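A quick write-up on the structure given underneath.
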Amino acid sequence: MRRMASDAPRETQAELDLKKLDFRIDELIRAVERLKEENRSLQQKQDVLVSERAALVQKNELVRTRVEAMISRLRSLEHG
């Protein structure tokens, strides 16, 4: 089939649209990769913070037990 002169601009526009779409897809791929890396980093930080929190909760419980034991001893000395 022969092309008409008026078909050329449409093809050019279609090519431009495809190039724009290709560029936008590349941008989105880069954004996804960046977000994946950021997510990995945040997950690692969260894992560290969760571990630190667990250690602090355990220490807090130990201190609470010791303080309660000291209070009990002091009360027994007052009443003894």
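Cross-link candidates for K45: which lysines have Cα within less than 26 Å, leaving aside residues fewer than 8 places away along the same chain?
The qualifying lysines are K36, K59.
Show that you can apply the helix-only estimate: for the chain, add -39,500 (n - 2.57) for every DSSP H stretch of four or more residues, divide by all residues, and state [θ] at 222 nm to the nearest 500.
About -35000 deg cm²/dmol.
In cubic angstrom, how much convex hull volume per residue do the alpha carbon atoms of the chain span?
On the way: hull volume 8.6 nm³, N = 80.
Convex hull of Cα atoms, per residue: 107 Å³.
In nanometres, what is the gap between the two model label sites at R64 and E27, each 7 Å from Cα along Cα-to-Cβ?
Output for this residue pair reads 5.3 nm.
To test your reading of the geometry: what angle, between 0 and 90 degrees and rounded to tens, separates the Cα axis of helix 7-79 from the longest principal axis of the chain?
So the helix axis and the longest Cα principal axis differ by about 0 degrees.
No lab work stands behind these numbers, since they all come straight from the coordinates. Being a predicted model, the structure only gives us computed values, none of them experimental. FYI the Cβ positions are ideal-geometry reconstructions off the backbone, even for glycines, and counts take in every protein chain you see.
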